[in-house]
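Novice: Please read through the structure below; I'll follow up with questions.
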Amino acid sequence: MLKNNTLNEQILNSAIGQEQEWDGGLKQLFRFAAEFIGFQGHFPDNPILPAVVQLQLGVLLAVRLSSQSFTVKTINRAKFMHPIRPEQIIMVYCKSMQDSNKYTVTITLDDLVASSFTITMWENYAT
């Protein structure tokens, strides 16, 4: 699984309820408080959720979906279309593709696609 660190802990603490099964994948609601570590310095007086945090949301759900440890190999087709601000509720969708090491991730905000990307993982055999 994933190693615990401050960012992952704060991301997981920002989840609303439990993840749910969705179309062969998982979905999870999140709301990030203004004090969330990811908003520090990104950007002063105009905070938005950094792309790296959005990517980590996808990784976290992919690991839960697969029940295995992974290392990210590539991220493809990343598009960040709408900024996510503090206290906004987002839904993260993650689904395994036919290739079991690839996952599609879509993050929505008020029924708009805020971001989307594909993650390809390497399997880790040592944890």
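Novice: Can you pull out the residues in the stretch 38-80 that are in a helix (DSSP H, G or I), modelled with pLDDT of 90 or more and among the hydrophobic types (A, V, I, L, M, F, W, C)?
Specialist: Across the stretch 38-80, the qualifying residues are F39, A51, V52, V53, L55, L57, V59, L60, L61, A62.
Novice: When the residues of the stretch 35-56 are narrowed to those that are hydrophobic (A, V, I, L, M, F, W, C) and over 22 Å from D111 (Cα atoms), which ends up surrounded by the fewest Cβ atoms within 10 Å (Cβ to Cβ)?
Specialist: Only one residue fits best here, namely F43.
Novice: Please enumerate the residues belonging to the stretch 68-119 that are over 24 Å from N13 (Cβ atoms) and buried (at least 16 other Cβ atoms within 10 Å of the Cβ).
Specialist: Within the stretch 68-119, K95, S96, N101, K102, T104, S116 qualify.
Novice: Let me ask something additional. Can you go through Q98, Q88, Q68 and tell me which one is in contact (Cβ under 8 Å) with a residue 24 or more places away in the chain, over 23 Å from G38 (Cα atoms) and polar (S, T, N, Q)?
Specialist: Exactly one residue qualifies, and that residue is Q68.
Novice: Among I84, I90, which is modelled with pLDDT of 90 or more, more than 18 Å from G24 (Cβ to Cβ) and part of a strand (DSSP E or B)?
Specialist: I90
Novice: Moving on to the next point. Pairs, please: C-beta under 6 Å, at least 6 apart or cross-chain, first residue without any contact (Cβ under 8 Å) to a residue 24 or more places away in the chain and in a strand (DSSP E or B) and in the stretch 7-29, second surrounded by 15 or more Cβ atoms within 10 Å (Cβ to Cβ) and of a type in the set (D, E, K, R)?
Specialist: Pairs found: Q20/K27.
The values are calculated or read from the model by the stated rules, or taken from the named source; none is laboratory data. Given the structure is predicted, the values throughout are model-derived calculations rather than measurements. Positions of Cβ are generated from backbone atoms using ideal geometry, with glycine treated the same way; all protein chains shown enter the neighbour counts.
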